[in-house]
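All remarks here apply to the structure that follows.
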Amino acid sequence: MEISNYETAESKTSFSAGKLQRRHFLKFTGAVVLTTGVLGCRKSERPSGKPQINDGSTIDFKDDTGIFNYIYILEQLEAAFYIKVSAAYPSAFTATQTSFFNDISLHEIAHREFLKDFLVEAGIGNLDFDFSSIDFTNATAVLTAAKTFEDLGVAAYNGVLARAQQSFTLIILSQIASVEARHAAWVRGQVITNDFADLNALSTLGAVDANGLDVALTPDKVLAQVSKYIKTPLKVINL
Amino acid sequence: MDILNIIDEIGKIDGEIYERLDPRRKAMSNFFNIGKKLSMAALPVALTGMFQKAYGQTTVNTTVVSALNLALALEYLEFNLYDNALTATPTLIPAAAVPIITTIRAHEQAHINLLIATITQLGGVPQAPMPYAAFNYTTISTNVTTNYDTFLRTAMSIEDFGVRAYKGQLPSLVSNQSVLAAAAQIHSVEARHSAQLRKMIYDLQITNLINLRPWLSDRATDAGVVDPTNYNDSAIGALSTVYYQDNATLLNAENKVTQAGILLTGINGFIDVTANAAAQSFDEYLETATVKTIANALYIKQPYQLT
């Protein structure tokens, strides 16, 4: 027997750790103006009483907002890539590949839009991308690009998780990270059979096969690898 | 100041000084590395720190150690399934799949080794090794050692469970950044295992599971009908707790469509983001108490059950 748990409209408004934590997070980032109390206990470098409003292109790593903006770049990149793929799948794609790519595309859109709604004024704007180096009609080229983006995505999440100042941030990042790892495992297997977790090959992205550890890269290394696809100038500070 | 002389002097009083220091070789090497950079004035402080570690004067971080020990128990659960299949029932796994299962087993063994080393280094006591006999792998069927489909589905459920459990332990590791980072890296390897096993099950097109995905999804029938109220895509009712919520407060079953108060279904006008896509796009955690309850109920026998 399977128990059902559809989240009803009522249950969404009931107590949930995630919602409470989010409120703390917003206070901390300054998206909500707070003059006394909670913030007073924290060493915030931000001028007090001033809401954090992003100029549209700044990734400031001084707190968790920077981490969220950083992964927002990568989710925008992934979503833009998969949307372009799904507009006209390579003719050599199998039915399964088309179906699973469609799934992945929707996941990346959900991640991107979640971050947009989550960050609101503290978020960077919509970025422009340049995928001219990828031949979208060629199945191998598309699969190889997808593999690169997914492994880099996992490396990015694993590389910033430990920097999270709030448990809430840690949990949300890990919730997305494992989905990206699922993508990476499946896509890798489409390029090379059963190549789902070749940690030796992935050592260039920080994996350690001897310890069974997956990829992990610092933001500067990830951004260096994806910068050729991003047309919008970005300011990265306090890295 | 001659540090080695001091250690020798202590040796005259405490014959076990080298043994005390030795199991924490890392503490010593850390100390010697630090020593290169420290001024003589700061040296006694660092030295005190090393001896505190050696003599267990510092408080062991039980939060971190407990989290790692829970992870260790689950690694034994995973490892023994694969190890038994590869060694005790070599005909169970088709030749083409042997390298895959071998790779996964190697990762689990590496995780076990790393967790034991880390727990020991932190001054904790690692969970005692758990043999194959400690575990019950027959929740899906008693034919787990003879039927390849059952083996894969059992492995899938255990990996899915492991990913959720690791996620739930990450907040307990925040006091130690390097341990937290490593746990995150193990966590995503487990997610890769889950995806690969799900892909292998998909490839077999098993009845009731022909629409299984590499990512946790709402239950879909073979006709493609998705049920957004059903979070258990394993199609095994007995495994439903693996995919269900922690409790009535945390509505974090695997069909969850709202994250941080933001509804993902149809988000910002993207109507293609269905409830199923929304649920797939975020994996859910399980907290310690729930993990232990599920582990004991489904996978671990007495007297090895988790307390």
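Just a few scattered comments:
- The numbered conditions (1) in a helix (DSSP H, G or I); (2) away from chain A (no Cβ under 14 Å); (3) not hydrophobic (A, V, I, L, M, F, W, C) are all true for B:His107 except (2).
- Selection status of B:Ala191, within 9 Å of chain A (Cβ to nearest Cβ), modelled with pLDDT of 95 or more and within 17 Å of the chain's Cα centre (by Cα): yes
- Residue within region A:187-209 that is assigned to a helix (DSSP H, G or I) and within 22 Å of A:Leu115 (Cβ to Cβ) present: yes
So that you can scan it fast, the table gives a plain yes or no per residue for (1) surrounded by 24 or more Cβ atoms within 10 Å (Cβ to Cβ); (2) facing chain B (nearest Cβ under 10 Å):
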residue: A:Ser174; (1), (2): yes, yes
residue: A:His183; (1), (2): yes, yes
residue: A:Gly189; (1), (2): no, yes
residue: A:Thr204; (1), (2): no, no
residue: A:Ala216; (1), (2): yes, yes
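- Of all the criteria given as (1) surrounded by fewer than 24 Cβ atoms within 10 Å (Cβ to Cβ); (2) part of a helix (DSSP H, G or I); (3) facing chain B (nearest Cβ under 9 Å), the one not satisfied by A:Ala141 is (3).
- Annotation note: of A:Lys147, A:Lys116, the sole residue that is basic (Lys, Arg) and either within 13 Å of the chain's Cα centre (by Cα) or surrounded by fewer than 20 Cβ atoms within 10 Å (Cβ to Cβ) (or both) is A:Lys116.
- Index of the failed condition, B:Tyr285 passing every other in (1) touching a Gly at 6+ places or on another chain (Cβ under 6 Å); (2) surrounded by fewer than 22 Cβ atoms within 10 Å (Cβ to Cβ): (2)
- Evaluation of B:Gln185 against (1) touching a Ser or Thr at 6+ places or on another chain (Cβ under 9 Å); (2) part of a helix (DSSP H, G or I); (3) under 20 Å from B:Ile104 (Cα atoms) (one fails), failing number: (1)
- Residue list for region B:235-248, filter: hydroxyl-bearing (Ser, Thr, Tyr) and surrounded by fewer than 24 Cβ atoms within 10 Å (Cβ to Cβ): B:Ser240, B:Thr241, B:Tyr244
- All of (1) away from chain B (no Cβ under 14 Å); (2) closer than 19 Å to A:Ile230 by Cβ; (3) surrounded by 19 or more Cβ atoms within 10 Å (Cβ to Cβ); (4) of a type outside the set (Asp, Glu) hold for A:His111 with one exception: (1).
- Condition broken by A:Ala87, with the remaining ones in (1) under 23 Å from A:Ser178 (Cβ atoms); (2) under 24 Å from the mean Cα position of the chain (by Cα); (3) at pLDDT 95 or above satisfied: (1)
The values are calculated or read from the model by the stated rules, or taken from the named source; none is laboratory data. These numbers were taken from a predicted model, which means no experiment stands behind them. Cβ: placed from backbone, ideal geometry, glycine included. Neighbour counts: every protein chain shown.
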